[in-house]
Amino acid sequence: MNKLKHDKVIDFVEHHMFLITLLLYLINFKTQTVYFGLGSWEINRTVGWGWDISIYFWYSLFGSFFIFTIGYGIVKLLKRKTSYQLSIGHIVSMILYILVTNFFGFSDVGFLTVGLVMWLFFILNVYKSTLCKI
């Protein structure tokens, strides 16, 4: 890749993490809908019906693509740029999260590890973006 194309990629990632995160959020939402369904997993007890919502606790705690999207949107509105290295790390960890949770099945340890790494990249990236303007 020549220098000009590489600079354009760096510039895009630094200035448009909001759009990248939004795209990954939509992909994650769609794959969860296809993989898990819309919310009823046919748990029928003697009371007649029921939904298992225990999985949503973990998604809301560690899979908060919505919070990442809002956070990067605020960074964009404040006209700040993100760190290229931290942004790439965050993108890779979000893609890994989508793969671990939606396609490979997930264990609690793997799920928590990827979730914590994802949050670490997000917090460091937002903190570093407050230090540098466009």
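Overview of results
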quantity: With all protein chains modelled, accessible area of Phe121 [1.4 Å, Å²]; calculated: 60
quantity: Theoretical FRET efficiency, 1/(1+(r/R0)^6), r = Cβ-Cβ of Ile67 and Ile10, R0 25 Å, to 0.05; calculated: 0.50
quantity: Lys81 - accessible surface, heavy atoms, 1.4 Å probe, Å² rounded to 10; calculated: 60
quantity: Heavy-atom SASA rank of Phe122, Phe104 (probe 1.4 Å, accessible area, largest first); calculated: Phe104, Phe122
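The values are calculated or read from the model by the stated rules, or taken from the named source; none is laboratory data. These figures come from a predicted structure and were not determined experimentally. We place every Cβ from the backbone using ideal geometry, glycine too, and count neighbours over all the protein chains shown. Accessible surface areas use protein heavy atoms only, side chains included; no ligands, DNA or RNA. Shrake-Rupley method; radii C 1.70, N 1.55, O 1.52, S 1.80 Å.
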